[in-house]
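Every number in this text was worked out from the coordinates using simple rules, so none of it is lab data. Just so it is clear, the model here is predicted, and its values are computed rather than measured. Reconstructed Cβ throughout: ideal geometry from the backbone, glycine too, with neighbour counts over all protein chains shown.
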Amino acid sequence: MKYFIAFFLFSITSSAQTDSTTASSNLKTLYAITAINSSTAYAAGETGTILATNNGGQTWKAVHKPKGPASDLCGIAFADKLNGVAVGKDGVI
């Protein structure tokens with residue numbers, strides 16, 4: 001079985017439209033999480049889901065919403081609060 005890895009490079013800006021959600025209302029499976037500090041963290045998962053928190057996980061916001069079918073994201077890393085990379089499978093970007 002072959003796996004293709006897709007790279008998602010993204011930058012978070014203050015003008016990005018987001019939806020607030022809590023961890024309990026997020027129905028997508030999350031496969032990876034990275035923390036920048038004790039307040040800021042990002043999570044990636046099923047169907048291109050990328051969530052962010054800036055209050056230690058009390059609330060989460062969707063910072064990436066795929067348009068159409070999307071691959072599961074298996075890993076995520078951030079250089080700082082605004083610049084990160086998420087990796088997925090299936091080669092869909």
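For the peptides 36-45, 54-63, the ranking by mean Cβ contacts within 10 Å, running from highest to lowest, is 36-45, 54-63.
Straight Cα distances below 19 angstrom link Lys89 to the lysines Lys2, Lys28, Lys65, Lys67, with same-chain residues fewer than 8 positions distant left out.
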